[in-house]
Amino acid sequence: MYTLAAQSSGGSWALLFVVYAVIFGGFWFIFIRPQKKEQKRVQSMISEMEVGDTVLTTSGFYGVIIDISDDDVIVEFGSNRNCRIPMQKAAIAQVEKASAE
């Protein structure tokens, strides 16, 4: 009878390990995987920016890219074209490609 109890205890540890593995896998699919996909999307969007593209900044302003450096861009705002602001590439929320007219 004692050996049966010892075997049952060993089986419960294995079952507990499987349950924890399933929980961790579920959290990975629910939280981590979508976040990594979004990071890849944002990185590809930033790497494909070109001069002349229309951008939406994280603060809600629309502008046109007039210069790009390694970490920064210069964005021109407004219709009078006198407002040029340098900003980090991370401050760009959305990019709309310039139309090929």
Additional length obtainable on full extension of the chain from ILE30 to VAL95, 0.36 nm per residue less Cα span: 20.7 nm
Of the GluC sites (Glu not before Pro) in the range 15-97, those whose Cβ has at most 15 other Cβ within 10 Å and which sit in DSSP loop: GLU48, GLU50
Likely footprinting exposure, PHE29, PHE77, fewest C-beta neighbours within 10 Å first: PHE29, PHE77
Under the Debye formula (equal points on every Cα, no solvent term), log10 I(q)/I(0) of the range 17-63 at q = 0.18, 0.26, 0.27 Å⁻¹: -0.69, -0.95, -0.97
For ASP67, net neighbour charge (Lys/Arg +1, Asp/Glu -1) across residues whose Cβ lies under 10 Å away: -1
Alpha carbon convex hull of the range 50-96, projected area averaged over orientations, nm²: 2.9 nm²
Rg and Dmax [Cα atoms of the chain; Å; Rg one decimal, Dmax integer]: 25.8, 89
Selection of trypsin sites (Lys or Arg not before Pro), the range 55-101, meeting DSSP coil and at most 15 other Cβ within 10 Å: ARG81, LYS97
The range 60-101 versus the range 34-58: alpha-carbon centroid distance in Å: 12 Å
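Just so you know, all these numbers are worked out from the coordinates, no wet-lab data involved. Keep in mind that what you see is a predicted model, and the values were worked out from it rather than measured. Cβ sites come from the backbone with ideal geometry, for glycine too, and all protein chains shown count toward neighbours.
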